[in-house]
Amino acid sequence: MSEEILEFTQHLINGIALGSIYALIALGYTMVYGILQLINFAHSEVYMIGAFATYYGARWFGLLDRPGISTFVLLLVFAMICCAALGVLIERLAYRPLRNAPRLNALITAIGVSLFLQYTGQIVFGADPKVFPTLIEDAALASFHGVSIRSFDVAIFGVTLFFMIALSYLIQGTKIGKAMRAVSANRTVASLMGIDANRVITFTFVVGSALAAVGAVLVGMKYPKIDPLMGTLFGLKAFVAAVLGGIGNLPGAVVGGLIMGLCEEMVVGYISSTYRDAFAFSILILILFFRPAGLLGKATQEKV
Amino acid sequence: MNALLEARNVTMQFGGLKAVDDFNLQLQAGELVGLIGPNGAGKTTVFNILTGVYKPTSGSVHLGGACLNPLRPHEISRLGISRTFQNIRLFRELNVLDNVLIASSQHAQHGMFASMLRLPKHYREEGRLRENARRLLEIFELDTKAKAEAGSLPYGEQRKLEIVRALATEPKVLLLDEPAAGMNHRETEDLMNTIARIRRDFKLTVLLIEHDMKLVMGICERILVLDHGVTISQGTPQFIRRDPKVIAAYLGTDFNSADGGLNHA
Amino acid sequence: MTSRMLKSWLSPLIAFVGMLVIGVVLDQFFNQYVQLIILFACTNIILALSLNLVNGFTGQFSIGHAVFMAIGAYVSAYLSLRPEIFGVKFTMFPEAIDYLNYLVYAVCGGLVAAAAGWVVGLPSLRLRGDYLAIVTLGFSEIIRVILLNTQAVGGARGLFGIPRPDALALGPLTLSPFLVMYVLASFWVVLTFLVLWRLIHSVHGRAFLSVREDEIAAQAMGINTTQVKVRAFVISSFFAGVAGSIFAHSANYLNPSTFGFTKSVDVIIMIVLGGMGSLSGSVVAALFITFLPEFVLRPLQEYTHIDFRMVIYSITLVLFMVLRPKGLFGSREISDIARSLRGERSADERAS
């Protein structure tokens, strides 16, 4: 294989890995948006807390120097539980009192919660970056003509694929998933049909936040430096991915995430790493210009 | 004779649903025409097409011979078609006077800079518009409530304010979407008289959607009946009242009920 | 008629003179640190007022206002650092009145920012609510990254040594550099307030309100809603750019990180706190938000050695949203409140 194709394949693999992590976080944004029509700005901080939960979890459980599948699974579950709890707490304390307030107020509250977690994080965890614990060894599992498939990449693919399939089963195949779809379509009608909308909303936050924790663990493994502000830009880009795909649309979030990850990796690889973030937003603006409701989103017309 | 407002073969399709199917309308200057039909017949959709909120799937709309299809709603409004909304759309948090002033702002003769510098022109024009607005409000006995928040008015007065606001744009054609909805007998009667009066005083052409048959039969010269997007009948009130197709369309609705039923008209 | 026109200039004049009196007091009795904070307060007032036009009066939602400030700041700073630009001496006025150049820089900064505002305003024709919000945010991130990578304006190191006005000798009086800068800032504060107030209280301004209230009804009443929205963005960005210029020449140093999402949120907090659609509310809240961290939270931080600033900020924001969602004043002005306290008629009744 020629050098160029080799390099391209490597970028492709990295891009899909990054993209699938974006997709995981984007799913959380899009689920909450689908149900509450709220940009949950605090989602990026839930993700950040997921990374720190793993960091401190590894310490408390004495798993710092014991990489392996069981360590990985244990800390992943621990982070998911912490984040789910945090998500529910945010929903209860900050969003629920504003359920019937103008949407702008809810949006500003979300920004407020996000800032609160960022800066409380700086006080509690300290502002300096911390080194994320090694959960599994990163080794080249196989090599084809110089393109190596590493265990991290396999873990990232495997784990995201697992959770995406689980999520789609949850939404399509279970009773609570049906209720989620109903509330998302029309909350008032769903309530009239006897669905406890508040329970469904709480559940949505549980699922979305747990997915953010998964994303955090995977990112922590691949880029092992974590700090309290790590969520802001990453979360923002995940949100952009959700908007790109059409916010409120689950497959859209996955598509958006993958596009985002691939573009970013290609820009870093072939153009310049300094313009990485600017590029992400440029794609967003470009796509919204032609499809104001995102790639897979449906344009809705207001009833007159 | 050339119609003032004309719709030619207008069809509006939402997905698989034909909300309006091959609709034709010729409104002569000065006419007062009623548009009736059961719920979901496509009456409001017709209004939305005439005012440019929806672009028809096929067919065209003309005002005084000029095609309105490529125009945006505000341009159509400026050409002289104004409307009220079935589900009242006032500027709720603004006061009654401001609601009317916004509608008349297209007739302001002063630019933004005159207002910035508070030139004499600014005071003159603002004063003139304010005076006009007050006169219009007087017609509907809303002048005493000029400073009240529009959203705080009783329902019937909100409907009246919608008409005042539409009049403030100085339209040639006025489209009224269920102006009497939610009003009692006496109020409806008052409204009938007022509509007849403004039509005369402002030389208006009126197209009226209404469920209250008494109102429609009482003041309209001509009536169009829509059902499932199709025009099933049109003619004088006397003709419509006896048309079996109309009676069939209304079967099972409140067509023959005591209130607003056809037979009581 | 003409007398009314003259009278309409009286209150802005009084406001300006009042601000000058405060300036003299600050000049005589307070240290440089306080003086700098006062200049920042002026920029924040202008930012809050201008954002209120877009978010409060027109009902759009921009969460990237800091980018227009950044553009104004960098343009203004760059012009002042490179007087030879355009091949001619850009400093149009001789040294004695060199502060007039700072007006020119500010206007240039404002104009470039307004052009950017026009660009951002365009998508608002097609995008609604959250989508528009995210585009404004995206745009501000793009500009920030570009600034970070543009070496001509210092890149990530920042732009140093931005000039500030010299002391000004007026006969026997000598105005200190602070006072000169403060006079400029006060001028812009009063002008911003005046322009926005007069806009809102006119036929043209009511069009902005109608877009906020109901876009479809506004169109049906002949309001060109797209034009109104773009106008709101352009006017708002112009003043944000001016605020950036004042900031640049007060701080003498610019860094792209100053103009991040946090700065935009700061301004949003101000208008939410003061009340969306209340100009005087924006002024009060801008002062509060500038002074609280500097004069209350900073001493607290020095005492406890913990940076509570943003934590207290964010809690205040959430509590406000939950407990007093309309802000301090709602959409009313101080004058309305004072009048209703005295039981008089409302502001609208004077033919504004």
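Some points to look at:
- Averaged over peptide B:167-179, the number of partner chain Cβ atoms lying within 10 Å of each residue's Cβ comes to 1.
- Debye log10 I(q)/I(0) for segment B:64-209, one point scatterer per Cα, at q = 0.14 Å⁻¹: -0.69
- Take every Cα pair under 8 Å whose residues are at least 6 apart in sequence, average their separation, divide by the length of segment A:21-127, and the relative contact order is 35 percent.
- Residue-averaged [θ]222 nm for chain A, counting only DSSP H segments that reach four residues, each worth -39500 (n - 2.57): -23500 deg cm²/dmol
- For B:Glu75 and A:Gln172, a Förster radius of 41 Å and the Cβ-Cβ distance give a FRET efficiency of 0.35, rounded to the nearest 0.05.
- Residues with amide H under 5 Å from that of B:Leu94, placed H, sequence gap 5 or more: B:Ala150, B:Gly151
- Neighbour counts of C-beta atoms inside 10 Å place C:Phe329, A:Phe8 in the sequence A:Phe8, C:Phe329, starting with the fewest.
- Based on Cα contacts under 8 Å between residues 6+ apart, segment B:92-165 shows a relative contact order of 48 percent.
- Seen from all directions on average, chain A presents a Cα convex hull projection of 17.3 nm².
- Chain C, helix-only ellipticity at 222 nm - DSSP H runs n ≥ 4, -39,500 (n - 2.57), divided by all residues, nearest 500: -21500 deg cm²/dmol
- Computed on chain B, with alpha-carbon pairs under 8 angstrom and 6+ residues apart, the relative contact order is 25 percent.
- When DSSP beta bridges are restricted to pairs lying wholly in chain B, around 55% turn out antiparallel.
- Against chain B, whose longest principal axis comes from its Cα atoms, helix B:185-201 is set at around 70 degrees.
- The order of the peptides B:149-160, C:234-245 by mean Cβ neighbours within 10 Å, most packed first, is C:234-245, B:149-160.
- Inter-label distance for C:Val296 and C:Ala338, nm, one decimal - labels placed 7 Å from Cα along Cα-to-Cβ: 2.4 nm
- Volume of the Cα convex hull of segment C:1-83, divided per residue and given in Å³: 169 Å³
- Residue order, fewest to most beta carbons within 10 Å, for A:Trp60, C:Trp188: A:Trp60, C:Trp188
- Loop-located trypsin sites (Lys or Arg not before Pro) in segment A:67-128, at most 15 other Cβ atoms within 10 Å (DSSP): A:Arg99
- Cα-based Kirkwood hydrodynamic radius, chain B, one decimal, Å: 19.3 Å
- Helix axis angle, A:69-90 relative to chain A longest principal axis, alpha carbon, degrees: 30 degrees
- Relative to the longest principal axis of the Cα atoms of chain A, the long axis of helix A:276-290 makes an angle of roughly 40 degrees.
- Per the Cα gyration tensor, segment C:7-260 maps to an equivalent ellipsoid with semi-axes of 32, 23, 15 Å, ordered largest to smallest.
- Principal axis analysis of the Cα atoms in segment B:92-165 yields extents of 39, 23, 19 Å, listed in decreasing size.
- Looking at the protein assembly as shown, the DSSP beta bridges with both ends there are about 65 percent antiparallel.
- Across B:Lys160/B:Lys203; B:Lys147/C:Lys7; B:Lys172/B:Lys245; B:Lys43/B:Lys245; B:Lys203/C:Lys229; A:Lys175/A:Lys222, pairs whose alpha-carbon gap is larger than 27 Å: B:Lys172/B:Lys245; B:Lys203/C:Lys229; A:Lys175/A:Lys222
- Listed peptides A:109-120, B:214-225, B:176-187, C:69-80 by packing density, highest first (mean Cβ within 10 Å): C:69-80, A:109-120, B:214-225, B:176-187
- When each of A:Cys263, A:Cys83 is scored by the number of other beta-carbon atoms lying within 10 Å, the sequence from fewest to most is A:Cys263, A:Cys83.
- Positive minus negative residues near A:Phe125 (Lys, Arg vs Asp, Glu; Cβ under 15 Å): -1
- For the protein assembly as shown, diffusion coefficient by Stokes-Einstein and Kirkwood Rh (Cα), 4 °C, 1.567 mPa s, µm²/s: 42 µm²/s
- Trypsin sites (Lys or Arg not before Pro) within segment C:286-346, DSSP loop, no more than 13 other Cβ atoms inside 10 Å: C:Arg345
- From most to least packed by mean Cβ count within 10 Å, the peptides C:296-307, C:261-272, B:3-14 give C:261-272, B:3-14, C:296-307.
- Mean partner shielding of peptide A:88-94, defined as the number of other chain Cβ atoms within 10 Å of each residue Cβ, is 1.
- For A:286-295, mean number of other protein chain Cβ atoms within 10 Å: 3
Read-outs: derived from the displayed coordinates by stated rules, not from any lab. Keep in mind that what you see is a predicted model, and the values were worked out from it rather than measured. Quick reminder, even Gly has a Cβ in these numbers, built from the backbone with ideal geometry, and neighbours come from all protein chains shown.
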